[in-house]
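The values are calculated or read from the model by the stated rules, or taken from the named source; none is laboratory data. No experiment lies behind these values; they were computed from the predicted model shown. Positions of Cβ are backbone-derived with ideal geometry, glycine not excepted, and every protein chain shown enters the neighbour counts. Remember, those area values only see protein heavy atoms, side chains included, never the ligands or the DNA or RNA. Shrake-Rupley method; radii C 1.70, N 1.55, O 1.52, S 1.80 Å.
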Amino acid sequence: MIVWVNGAFGSGKSTLVDELRPRWPEALVFDPEMVGYVLREIVEVPTGDFQDLRLWRRQVAELAVGLVEEYRCPVLVPMTLVDPGYVGEIFGALKAAGTEVHHFFLNVSREVLEKRIDGRSFTPDDPEKDERVRGWCKDRIEPCMAAAGGLPGDTVFLDGELPPTELADLVLARVGAGAGG
């Protein structure tokens, strides 16, 4: 089983997965950004967004399926994924492989997202880069919020402004797992 936690930057995807981890110890955590970072070291990313690389999308799907099949464990995936074509491509590959997918999207107001992004430090030793990353994240708030309506019909929308413990309870109950299931 794959539990994909989606939402805008700053919506609490990683925080929710961090809350789920100790309560669902058999689950593995797979962050697809790592695949993007590796690819950036090897090839140019003309748009600046590694999700635009077909190889990234293919590798993310294959690695997620491989983790489920090889280790027979649920896999938690905290990743913003809102481009309808990319969602269809990745989730289609996961489902074609026979992998059960639970897709959650954290809804959070623009104001809260901006506050959370402003409160984060991405590169503490490089304040200029830190500001560029914050700007990049903020520039994607609107497209992420707008794309929520076009996500697959089985997407479960959660109030990302709830405390992480409550969100974890909701996810565990929905997937029938962990201490909450």
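For region 158-167, just list the computed ³J(HN,Hα) in residue order, Karplus coefficients 6.51, -1.76 and 1.60, θ = phi - 60°, integers in Hz, with x standing in for Gly and Pro.
10, 6, x, 9, 5, x, x, 5, 5, 4
Check the straight Cα-Cα distances from LYS115 and name the lysines below 16 Å, setting aside those fewer than 8 residues away within the same chain.
Once the sequence-local lysines are set aside, what remains near LYS115 is LYS13, LYS138.
Take the Cα coordinates of the chain, assign each an equal point scatterer, and use the Debye formula without solvent to give log10 I(q)/I(0) at q = 0.16, 0.19 Å⁻¹.
Log-scaled intensity ratios, in q order: -1.04, -1.45.
I need to check one value: relative contact order of the chain, counting alpha carbon pairs closer than 8 Å and at least 6 residues apart, in percent.
Numbers: 247 pairs, mean separation 63.6, N = 181.
Answer for the chain is 35 percent.
Could you state, as a whole-number percent, how many of the C-alpha pairs of region 23-96 are farther apart than 19 Å?
Values: 948 of 2701 pairs.
Looking at region 23-96, the distances longer than 19 Å represent 35 percent of pairs.
With every protein chain kept in the model, how would you rank SER11, SER121, SER109 by accessible area, 1.4 Å probe, largest at the top? Don't jump to the answer; show the numbers that get you there.
Working: SER11 0, SER121 70, SER109 40 Å².
So the residues, ranked largest to smallest area, are SER121, SER109, SER11.
Calculate the spin-label point distance for CYS73 paired with GLU44, positioning each point 7 Å from the Cα along the beta-carbon direction, and give it in nanometres.
With each label placed 7 Å out from Cα toward Cβ, I get 3.9 nm.
Could you work out how much longer the chain between ALA148 and ASP126 gets when fully extended? Use 0.36 nm per residue separation minus the Cα distance between them, nm to one decimal. Working shown, then result.
Values: separation 22, 0.36 × 22 = 7.92 nm, distance 3.26 nm.
Answer, rounded to one decimal: 4.7 nm.
Restrict the search to region 95-136; then list the GluC sites (Glu not before Pro) that DSSP places in a loop and that have at most 12 other Cβ atoms within 10 Å of their Cβ. Show your work: numbers first, answer last.
Working: sites: GLU100, GLU111, GLU114, GLU128, GLU131; in loops: GLU100.
Hits after loop and neighbour filter: GLU100.
In square angstrom, rounded to the nearest 10, how much accessible surface does ASP52 have for a 1.4 Å probe?
ASP52 exposes around 60 Å² with every protein chain in place.
Round to a whole number: what % of the accessible area of the chain belongs to carbon and sulfur, probe 1.4 Å? It would help to have the intermediate numbers written out before the result.
Working: 4820 of 9160 Å².
Using a 1.4 Å probe with all protein chains present, the chain comes out at 53 percent carbon and sulfur.
Per residue, how much accessible area does region 1-131 show when a 1.4 Å probe rolls over the protein heavy atoms, in square angstrom?
Numbers: 6560 Å² over 131 residues.
I get 50 Å² per residue for this part.
Once R0 is set to 22 Å, what does the formula 1/(1 + (r/R0)^6) return for the Cβ-Cβ distance between ARG58 and SER14, expressed as a FRET efficiency to the nearest 0.05?
Calculated value: 0.40.
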